[in-house]
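Notes follow once the structure below has been shown.
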Amino acid sequence: MGLQFQHAAVAFRTFCGEGALNYLPKELDRLGVTRAVLIYGASMGRNSVARGRVESVLGARLAGSFDGVKEHSPVPSVESAVHLLDDLNADCVVAVGGGSAVVTARAATMLLAEGRSVRDLCTTRQPDGRMLSPKLLAPKMPQWVVATTPTTAYAKAGSALLDPATGERLALYDPKARAQGVFFDPDMALTAPSELVLASGLNALSMSIEGLQASTGDPLAVALFAHALRILKLSLLQLRSEPDNPEPRLQSMVAALLAGQGSDFAGGGLAQVLSHAAGPRSSTSNGVLEAMLLIPAMRYNSLATNEGLAVVAEVFTSSALSDGALDRCASSIEVLLNRLGVPSRLRDVGVARESIPDIAQRAMGDWAVGRLPRAVGEPELTALLANAW
């Protein structure tokens with residue numbers, strides 16, 4: 001049939017480089033908003049200088065701030081942010097930090113606008129196995145992101161929250177809740193611990209590789225993922241050797257933005273699904289877990305992903321996919337992960353062997369399971385996790 005695809009890009013403004021943060025007031029003025037609430041990531045709570053800079057840039061537009069962001073964006077934390085936005089009569093939100101701050105800010109605007117509980121608004125599995133996201137019709141207040149880590153969440157439309165009472169991940173989705181734009185400022189980029197930046201970058205690396213495997217034939221998405229992968233292959237190593245240099249941090253942020261945008265047009269990632277389910281049961285971040293599970297997931301999906309694997313092979317081995325190329329590609333990725341200090345076994349990061357069946361069961365409830373390049377069930381997930389343990 002020839003080339004055939006759909007690619008609907010969304011409006012998003014990116015400011016990168018020295019003084020990038022100074023454009024924030026102009027962005028607020030562009031939409032006529034005057035009561036901004038800052039939602040700070042956890043690492044920002046200890047950095048009074050960086051906080052002072054953001055607050056100074058906003059000036060009289062600053063209505064207040066929220067410091068209760070927690071890892072995995074638990075529902076109670078997000079609900080606290082909702083109450084504060086309401087109390088302060090906010091008309092916009094600025095997330096300052098990494099993925100948890102971005103997700104918390106986006107979810108809080110959804111819950112505030114819709115006026116209903118997370119359970120009423122989240123994606124659910126239907127009796128026929130389909131995942132259904134309710135249509136969230138209320139207008140959402142505008143948001144911006146001042147980035148401190150290379151998260152793929154910058155430009156996404158969804159948020160996944162952790163219900164600490166049940167251990168479930170509850171997914172919210174609304175295209176109207178996308179951020180207006182992001183600021184990659186070198187001074188802000190240096191505020192996050194290098195270990196946190198590396199973990200976030202590993203998530204972007206894994207998402208790029210899995211996105212290429214899951215590509216739906218959209219050449220624009222392939223270009224986003226492939227260039228993200230080229231950047232990350234170099235910037236993460238530079239970050240490891242030069243933790244106080246802002247340049248690899250900014251490069252990794254750009255790559256994470258590309259990977260996040262590309263994921264809108266590709267299927268799901270098996271390593272990502274498993275890391276979401278295993279994350280609360282481990283002693284490390286989701287990004288590190290995802291990288292640990294990347295090669296087992298690649299091998300499982302390889303029967304259905306030759307075209308996408310060919311692009312990954314070109315980036316990592318400078319050769320097209322051929323006999324034995326999967327092993328060479330996996331070996332090259334494994335060498336990179338080893339150089340970045342990624343642990344090799346799930347038991348090394350606190351995942352208990354007896355938790356594997358529960359992790360597999362919870363992973364099957366992830367919305368991305370239905371978009372994987374190769375069908376999977378609990379037995380396959382259990383076996384994959386056991387081999388990785």
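The values are calculated or read from the model by the stated rules, or taken from the named source; none is laboratory data. Predicted model only: the values in this text are computed from it and were never measured. With ideal geometry, Cβ positions are generated from the backbone for all residues, glycine too; neighbour counts draw on all protein chains shown. These accessible areas exclude ligands, DNA and RNA; they are computed on the full protein's heavy atoms, side chains included. Shrake-Rupley method; radii C 1.70, N 1.55, O 1.52, S 1.80 Å.
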message: Against the condition open to solvent by 10 Å² or more (accessible area, probe 1.4 Å), at pLDDT 95 or above and part of a helix (DSSP H, G or I), how does His227 come out, does it pass?
response: yes
task: State whether the residues of the range 201-212 include one that is closer than 21 Å to Leu274 by Cα and of a type in the set (D, E, K, R).
output: yes
message: Can you find, within the range 193-221, the residue that is surrounded by the most Cβ atoms within 10 Å (Cβ to Cβ) among those that are over 20 Å from Ala155 (Cα atoms) and not hydroxyl-bearing (Ser, Thr, Tyr)?
response: Gln213
Filter result for Asp218 (within 30 Å of Ala8 (Cβ to Cβ) and in contact with a strand residue (DSSP E or B) (Cβ under 8 Å, 6 or more places away or on another chain)): yes
query: Here are Ser65, Ser100, Ser77, Ser56: which of them is farther than 18 Å from Ser43 by Cβ and out of contact with any helix residue (DSSP H, G or I) (no Cβ under 6 Å at 6 or more places or on another chain)?
result: Ser56
- request: Could you grab me the full set of residues in the range 316-371 that are basic (Lys, Arg), at pLDDT 85 or above and assigned to a helix (DSSP H, G or I)?
  value: Arg339, Arg347, Arg353, Arg362
- prompt: Can Met141 be described as part of a loop (DSSP other than H, G, I, E, B) and under 24 Å from Thr34 (Cβ atoms)?
  reply: yes
query: Do we have Ala105 as within 19 Å of the chain's Cα centre (by Cα) and either at pLDDT 95 or above or on the phi < 0 side of the Ramachandran plot (or both) here?
result: yes
- request: Mind listing just one residue for me: the one in the range 100-149 that is open to solvent by 50 Å² or more (accessible area, probe 1.4 Å) and acidic (Asp, Glu) and, of those, farthest from Val57 (Cα to Cα)?
  value: Asp128
message: Show me the helices (runs of 4 or more DSSP H) entirely contained within the range 248-315 in which 1 or more residues are over 22 Å from Phe184 (Cβ atoms) and over 18 Å from the mean Cα position of the chain (by Cα).
response: 294-301
